[in-house]
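Visitor: Could you have a look at this structure, given as structure tokens, before my questions?
The values are calculated or read from the model by the stated rules, or taken from the named source; none is laboratory data. Model, not experiment: these values are computed from the prediction. Cβ sites come from the backbone with ideal geometry, for glycine too, and all protein chains shown count toward neighbours. SASA here: full protein model, heavy atoms, side chains in, ligands and nucleic acids out. Shrake-Rupley method; radii C 1.70, N 1.55, O 1.52, S 1.80 Å.
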Amino acid sequence: MVVSGQVAVVTGANRGIGLEVSRQLAERNVHVVLTSRDKTKGQQALNHLLDRSLSVSLFQLDVTNSDAATRLCGHLVKTFGRVDILVNNAAIYLDEGDKLLDIPLETLRNSFDANFFGAYSLCKTLIPVMKKNGYGRVVNVSSGYGAMDAMNARTGAYKLSKLALNGLTQILASELKGTNIKVNAVDPGWVRTEMGGPSATRSPQEAARGIVWAATLDADGPTGKFLRDTKIVAW
């Protein structure tokens, strides 16, 4: 497939923030590869954006599958010869309000598999392609719950997985210093999605703007930072 602009991958793109990030990126002349664990839901999201005449395609992806990142990378290289933007948006939220010592160990493992190891695997596989092409922007969609001052009682599995994601952001940005690859974490805020619920204070449109900004930074933009609404916030 020949595309005129950059190529982006957005995980968990079949709904909510991921779908809105995909729309906003595509409206900037970026070809967006939407990924979704559920193929049917992914196709519905794809059709929604195709109806707007946007340049998008679909790749079925479960970020917790150990072979998923390799298959996606092969598809991107074969189809486009590149990947310019990676938005690690896919996440799960399993332990709202629960005490850490009360949850099954499996809940902690599942949270890390989806929220940390999935993002790590995609970074490990796709960043070398970015290096080869001399450009890359990685956005790890984090949470205010991943900040150190949020490490208080309850919801520990989710908080720790996002804390680890923030640490990954800093380490990768440091290791990629001197390249044209930027890695940042973004807190989208409390968003009206299936995860955030109907009482949340922000729309997916509002939340997506800061993510898209980080995904399209110019050469002078920040790297290795925790961002909220384009501003740097404390880890």
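Visitor: What single numbered condition from (1) within 16 Å of the chain's Cα centre (by Cα); (2) open to solvent by 10 Å² or more (accessible area, probe 1.4 Å); (3) of a type in the set (Ser, Thr, Tyr) fails to hold for Ser142?
Guide: Here Ser142 meets the rest and fails (2).
Visitor: So which residues in the range 210-235 are of a type in the set (Lys, Arg) and crowded, with 16+ Cβ neighbours inside 10 Å?
Guide: Correct list: Lys225, Arg228.
Visitor: Any idea which of Arg23, Arg37, Arg71, Arg52 is of a type outside the set (A, V, I, L, M) and either over 30 Å from Tyr158 (Cα atoms) or modelled with pLDDT under 95 (or both)?
Guide: Checking each option against the conditions leaves just Arg52.
Visitor: Pick out the one residue from Asp102, Asp149, Asp113, Asp98 that is acidic (Asp, Glu), in contact with a Gly (Cβ under 9 Å, 6 or more places away or on another chain) and either under 25 Å from Gly196 (Cβ atoms) or modelled with pLDDT of 95 or more (or both).
Guide: After applying the criteria, what remains is Asp98.
Visitor: Does any residue in the range 105-131 that is part of a helix (DSSP H, G or I) come within less than 6 Å, Cβ to Cβ, of a residue that is open to solvent by less than 70 Å² (accessible area, probe 1.4 Å) and among the charged types (D, E, K, R) six or more places away or on a different chain, and which pairs are these?
Guide: Thr107/Asp95
Visitor: Looking only at the range 148-172, count every residue that is surrounded by fewer than 20 Cβ atoms within 10 Å (Cβ to Cβ) and either more than 21 Å from Ala90 (Cα to Cα) or in contact with a Lys or Arg (Cβ under 8 Å, 6 or more places away or on another chain) (or both) and tell me the total.
Guide: 7
Visitor: Within the range 176-197, does at least one residue satisfy the condition of being in contact (Cβ under 8 Å) with a residue 40 or more places away in the chain, assigned to a helix (DSSP H, G or I) and either under 21 Å from Asn65 (Cβ atoms) or open to solvent by less than 80 Å² (accessible area, probe 1.4 Å) (or both)?
Guide: No, the range 176-197 contains no residue that is in contact (Cβ under 8 Å) with a residue 40 or more places away in the chain, assigned to a helix (DSSP H, G or I) and either under 21 Å from Asn65 (Cβ atoms) or open to solvent by less than 80 Å² (accessible area, probe 1.4 Å) (or both).
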